[in-house]
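Novice: The structure that follows is given in the form of structure tokens.
Derivation of every value follows stated rules applied to the coordinates shown; laboratory data play no part. Note that the structure is a prediction, hence the values are computed from the model and not measured. Counting neighbours? That spans all protein chains shown, and the Cβs are built from the backbone with ideal geometry, glycine included.
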Ligand SMILES: NC(=O)c1ccc[n+]([C@@H]2O[C@H](COP(=O)([O-])OP(=O)(O)OC[C@H]3O[C@@H](n4cnc5c(N)ncnc54)[C@H](O)[C@@H]3O)[C@@H](O)[C@H]2O)c1
């Protein structure tokens, strides 16, 4: 039976559990939250949902205060999504403002994951995503290939939608990636983008304006509802399923760059063992510069908490 743990049952964690139970690809979900009562409520609510579905998923709660997080030991995957999204309200949704809080959460949770004997794959959502991925890898002490950040997957989906709208094509006919930081230093790698197999420069588009819309998209969502959940919950489920199915599929995730020695949004092959390899994209000079700038921003954030 496939088993997945979800640490953090806020807007993101709860929606991730909901989508996971509905997709029915996971046999057991173990949920954990510092607020034990909330985790138990989510368990009961999910069980109501499951009884109405044709799928079959067991839901367990790992007691946050237990000496040993023994329910984590045999999991295939842990999704890491604790946070405090309300902390961003006074800061216009800027992800970096969570760093002081979420870096502490890593210090608190990583030893418990390590002590549980867990040896699977960690998929991390918590912001700033690229920095937290690196901290988890370092503090749990697993291989770099065993940690995957959700990276620029959402922005890539948003780009497909925006380019589809701008060209009148279906968004499923758009290929290519947004790369770099999951933050303000993300960038659409236009040289990778195709519209129904035609290069993007075949179309008369204001690419700078499109890039701005893609970067601002997360803020647009945050400004109205003060959290984001649906897109990320779906994206993380696709990563989970790629791992469980040993899919060997190229995904825009935050993966370890051995040259830069940090996690950053790039295209990587995802399979059962985590990141199998990085896809060596032929980025143009402008894109290579943007990638380096994203790496500098990620490193600067990492330095703030080290
Ligand atoms: N990578 C992405 O694309 C992406 C997208 C959306 C949100 N996020 C990030 O995901 C994180 C969660 O967002 P949210 O909206 O669910 O936040 P939230 O504030 O709604 O929920 C956070 C949950 O974490 C729990 N928590 C806090 N400290 C904990 C700890 N030490 N151990 C276990 N649980 C703990 C809280 O009790 C709460 O239930 C945030 O960092 C947010 O910025 C990332």
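Novice: Taking only the stretch 116-126 into account, find how many residues are away from the ligand (no atom under 11 Å from the Cβ) and either farther than 10 Å from residue 69 by Cα or assigned to a helix (DSSP H, G or I) (or both).
Specialist: Initially, the stretch 116-126 is screened for residues away from the ligand (no atom under 11 Å from the Cβ), giving 116-122.
The next check asks that each one be either farther than 10 Å from residue 69 by Cα or assigned to a helix (DSSP H, G or I) (or both); those that pass are 116, 119-122.
The qualifying residues number 5.
Novice: Scan the stretch 144-164 for residues that are in contact with a helix residue (DSSP H, G or I) (Cβ under 8 Å, 6 or more places away or on another chain) and more than 16 Å from the ligand (Cβ to nearest atom) and jot them down.
Specialist: 144, 146, 162, 163, 164
Novice: Of everything in the stretch 180-191 that's in a strand (DSSP E or B) and within 14 Å of the ligand (Cβ to nearest atom), which residue is surrounded by the most Cβ atoms within 10 Å (Cβ to Cβ)?
Specialist: 180
Novice: Further question: Please tell me if residue 131 is within 13 Å of the ligand (Cβ to nearest atom), under 13 Å from the mean Cα position of the chain (by Cα) and assigned to a strand (DSSP E or B).
Specialist: Answer is no for this residue.
Novice: Out of 236, 270, 240, report the one residue that is touching a helix residue (DSSP H, G or I) at 6+ places or on another chain (Cβ under 6 Å) and assigned to a helix (DSSP H, G or I).
Specialist: The unique qualifying residue is 236.
Novice: Pick out, from the stretch 1-115, the strands (runs of 3 or more DSSP E) lying fully within it that include 2 or more residues that are within 12 Å of the ligand (Cβ to nearest atom) and either surrounded by 22 or more Cβ atoms within 10 Å (Cβ to Cβ) or free of Cβ contacts under 8 Å to residues at least 60 places away in the same chain (or both). Give the steps one after another, and end with the answer.
Specialist: Values: elements: 3-7, 28-32, 58-61, 77-80.
Per the criteria, 3-7, 28-32, 77-80.
Novice: Determine the pairs where a residue that is under 25 Å from residue 191 (Cα atoms), located within the stretch 207-231, has a partner that is more than 16 Å from the ligand (Cβ to nearest atom) and assigned to a helix (DSSP H, G or I) with Cβ atoms under 7 Å apart, the partner being 6 or more residues away or on another chain.
Specialist: 207/190; 210/162; 210/163; 210/166; 213/162; 214/162
Novice: Name every residue in the stretch 274-291 that is outside any strand (DSSP E or B) and without any contact (Cβ under 8 Å) to a residue 12 or more places away in the chain, in order of residue number.
Specialist: Within the stretch 274-291, 280, 285, 286, 288, 289 qualify.
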